[in-house]
Protein chains: 2
Amino acid sequence: MAVAEFTPSSSSSIIKKTSLYSSQLFYVSTHQKRRFSLRPLQKTHYANICCSVTSNEVQAPVVTNDLKKKPECFGVFCLTYDLKAEEETSCWKKLINVSVSGAAGMIANHLLFKLAAGEVFGPDQPIALKLLGSERSIQALEGVAMELEDSLYPLLREVSIGIDPYEVFQDAEWALLIGAKPRGPGMERADLLDINGQIFAEQGKALNAVASRNVKVIVVGNPCNTNALICLKNAPDISAKNFHALTRLDENRAKCQLALKAGVFYDKVSNMTIWGNHSTTQVPDFLNAKINGFPVKEVIRDTKWLEEEFTEKVQKRGGVLIQKWGRSSAASTAVSVVDAIRSLVTPTPEGDWFSTGVYTDGNPYGIAEGIVFSMPCRSNGDGDYELVKDVIIDDYLRSRIKKSEDELLAEKRCVAHRTGEGIAVCDLPGDTMLPGEM
Amino acid sequence: MAVAEFTPSSSSSIIKKTSLYSSQLFYVSTHQKRRFSLRPLQKTHYANICCSVTSNEVQAPVVTNDLKKKPECFGVFCLTYDLKAEEETSCWKKLINVSVSGAAGMIANHLLFKLAAGEVFGPDQPIALKLLGSERSIQALEGVAMELEDSLYPLLREVSIGIDPYEVFQDAEWALLIGAKPRGPGMERADLLDINGQIFAEQGKALNAVASRNVKVIVVGNPCNTNALICLKNAPDISAKNFHALTRLDENRAKCQLALKAGVFYDKVSNMTIWGNHSTTQVPDFLNAKINGFPVKEVIRDTKWLEEEFTEKVQKRGGVLIQKWGRSSAASTAVSVVDAIRSLVTPTPEGDWFSTGVYTDGNPYGIAEGIVFSMPCRSNGDGDYELVKDVIIDDYLRSRIKKSEDELLAEKRCVAHRTGEGIAVCDLPGDTMLPGEM
């Protein structure tokens, strides 16, 4: 797929464009900037960003045998074996294929070893790891595969590495999409959306062509909600319900902050929802969350703290961590991916729920359809989920959810050329990247 | 403890010194260099290194209540709780204290999350993590503790951080000593031995003063065998049998290389011993190892490969990995620490064994007493071990073991001022640091 072509937009306060693919008109107002290319621009925080991008109709490739190439197996993992032939492994489940993008990065460096150790899928679930990297990182991928070899994990039966998603996603039952372009100096969220949109459109097409029809996809790479949307739109043969954007680290952090404030251990906090986008518009929901089974508001009677400080504490956590530790929170992000998968493969405890960014079609909360939005979910452990119906939404919560919804709708318009929905028009409300994230 | 004071040695080919603490004479020959200080010297590979150091009698401090200070608890982990009061946790075992030094480093960053997840001690063993760092890394330690908070591990009940081993080792039942000074540019192994010897002497004294009387100590920081020796010599009230030097990564790598050569999966390789020092004199033992229950030599009939390439492949692994991945093998090192602990807390499978560097007193192999040497061990899962008796040692293996033994005896002479055994005299056989290690 070609790099996005930005067409110069007018510098007047209104642009009016007719899409080549639709007859709709877009009116976008205020503070426009000329946008010509993806090259780093001077950083302008909190300015509205407007751009228009030529459309690129989504067309998933036809699956042919040519596309069904195997990625390159690595070292000791190239050996053939028969798990059912051995006494110790004969009762194990059937091998599952787990594809991981950004596999040479730090989050994956934690996650892969958790997957291989059985922390995620359990002690009787053998796995194959298929690692996707870039041309630049292929040597590093070999290093990762070598460390996996040296770890002698009994459950880890196959490791393959590659740079072509059409190979690496072959028969994937789980696709953990961590890899994304980090934001370069001066890069706006619109640039980031586009440059990553290109990657996730490509990966969506590849999943559509070669992955298991029941593949579950968890998008970690930012901006993850809209990346997940692009991915699912480019994979029309896979149920949109199978795509997730990771908001579990936010949920975990929110639980921890409530526990700290209430003076209880974190296992006493339940029913924590993160609503919306994995950005500063996200809404950690203290209305429905519970502490020791009681509504948070009955336990923490400091409304000012809940309304003004709590969300900020959750969101600033990543930034504080970078200051302290000098690196981004790779370990706890990997833990939250483990949690996200386990929430789908084990039954949700009675009365509780978890948060994950999922497709909004058919949601009972009145949130706009056609976006990927973090909402409260339950699972019976089969990999699928259902949205929780009995949540309270008051005016305050509604207004905050609306803000994140508006942002995701704006992001969606900004990547229309990646989702096959016409010409992209960006009018993003400034910089909503979470501190400490790339 | 003061920094080692090197006294200038003679530049003639023989030094003759009378110890202040013994009447023994030391004769050390060939290629001596003047050694005055710990400042980086010009790097001289493969030259013999000679030095003498004034002695420093080992005296463990008396345990007083003053020394029994608690390290600083962190965040949500400062809360009090009663595990037995809750239905879900009432059947759990008693909390254990695990102290980890070098806790802000990359190996610990993998290991701590494995410990907290229950990968090491099991799903019903709650743990307290006590993190030891340096003044320079205290902020990073806070970052690590924050990520542990955000991970919401149910088994992790206490986290404390500190820079004083007398606080952090308080009641430790496991002490995982990862922190060590890396070798600076131009630094010789003798310098490294001394600078780390100082750290491990201090930590041994602290363990002796405040740790559980049954503490198990695993030394990961290099040069780990001699660091472990120094540590145990400074902890006279703790059984020398409780101290280990980590050679498990070498064992794991050796198993993987044999598997690769034989074309079998790595779980088919057993009875793998690493003999000796965690250095290039170490001996991965292909005489006693088995593949599918058969002696390696019956399966791999390529004696030239076994004698000439196998050991090199095991030892160069770390260096190759740094080249590929750009960092040292933190993840697989952490996995090998997990393996080392699990080998002590779970019964060794029938007929198999594992390698760990332990004190040689009473060993049945004819290895000199009074050093820490990697040997084959079995455990019944109570944290203790016994040396395996029925191993074959032929002349070839004996001669290689001898070389590592000689090296460790030389290292011991080089740190005599740290172990309370008189004046240090260094005549180390050149640079035997494993590639890719610090």
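The values are calculated or read from the model by the stated rules, or taken from the named source; none is laboratory data. Given the structure is predicted, the values throughout are model-derived calculations rather than measurements. Please note: Cβ atoms are built from the backbone with ideal geometry, for glycine as well, and neighbour counts cover all protein chains shown. Side chains included, ligands, DNA and RNA excluded: accessible areas come from the protein's heavy atoms. Shrake-Rupley method; radii C 1.70, N 1.55, O 1.52, S 1.80 Å.
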*Only one residue in B:172, B:128 is in contact (Cβ under 8 Å) with a residue 60 or more places away in the chain and not aromatic (Phe, Trp, Tyr), so which one is that?*
B:172
*Answer yes or no: is there a residue in the stretch A:415-428 that is of a type in the set (Gly, Ala, Ser), surrounded by fewer than 16 Cβ atoms within 10 Å (Cβ to Cβ) and away from chain B (no Cβ under 14 Å).*
no
*For the stretch B:325-343, name all the residues that are open to solvent by less than 10 Å² (accessible area, probe 1.4 Å) and among the β-branched types (Val, Ile, Thr).*
B:335, B:337, B:338, B:341
*What single numbered condition from (1) of a type outside the set (Lys, Arg); (2) touching a Phe, Trp or Tyr at 6+ places or on another chain (Cβ under 9 Å); (3) at pLDDT below 95 fails to hold for residue B:334?*
(3)
*Among the listed residues B:372, B:388, B:338, B:358, which satisfies the condition of being within 14 Å of another protein chain (Cβ to nearest Cβ) and of a type in the set (Val, Ile, Thr)?*
B:338
*Just wondering, is there one or more residues in the stretch B:216-223 that are open to solvent by 10 Å² or more (accessible area, probe 1.4 Å), closer than 23 Å to residue A:109 by Cβ, modelled with pLDDT of 95 or more and outside the structural domain of residue B:405 (by the TED database)?*
yes
*How about the stretch A:177-275: which helices (runs of 4 or more DSSP H) wholly inside it have at least 2 residues that are within 14 Å of chain B (Cβ to nearest Cβ)?*
A:248-262
*Looking at this structure, is residue A:131 outside any helix (DSSP H, G or I), within 14 Å of chain B (Cβ to nearest Cβ) and either of a type in the set (A, V, I, L, M, F, W, C) or closer than 27 Å to residue B:328 by Cβ (or both)?*
yes
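So which of B:291, B:322, B:274 is surrounded by 18 or more Cβ atoms within 10 Å (Cβ to Cβ) and touching a residue at least 40 places away in the same chain (Cβ under 8 Å)?
Details: B:291 fails: touching a residue at least 40 places away in the same chain (Cβ under 8 Å); B:322 fails: surrounded by 18 or more Cβ atoms within 10 Å (Cβ to Cβ).
The match here is B:274.
Would you say residue A:80 is modelled with pLDDT under 95, part of a loop (DSSP other than H, G, I, E, B), within 11 Å of another protein chain (Cβ to nearest Cβ) and open to solvent by 50 Å² or more (accessible area, probe 1.4 Å)?
yes
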*Qualifying residues in the stretch B:88-104 (those that are modelled with pLDDT under 95 and within 12 Å of chain A (Cβ to nearest Cβ)) - the one most open to solvent (accessible area, probe 1.4 Å)*: B:88
*Are there any pairs with C-beta distances below 9 angstrom linking a residue in the stretch A:138-152 that is not assigned by the TED database to the domain that holds residue A:110 and crowded, with 24+ Cβ neighbours inside 10 Å to a residue that is of a type in the set (A, V, I, L, M, F, W, C) and in a loop (DSSP other than H, G, I, E, B), with the two at least 6 apart or on different chains, and if so which?*
none
*asked:* Can you tell me which condition residue A:328 does not meet? The list is (1) at pLDDT 95 or above; (2) within 12 Å of chain B (Cβ to nearest Cβ); (3) in a loop (DSSP other than H, G, I, E, B), and all the others hold.
replied: (1)
_Conditions (1) touching a residue at least 60 places away in the same chain (Cβ under 8 Å); (2) small (Gly, Ala, Ser); (3) open to solvent by less than 30 Å² (accessible area, probe 1.4 Å): number failed by residue B:75_ = (3)
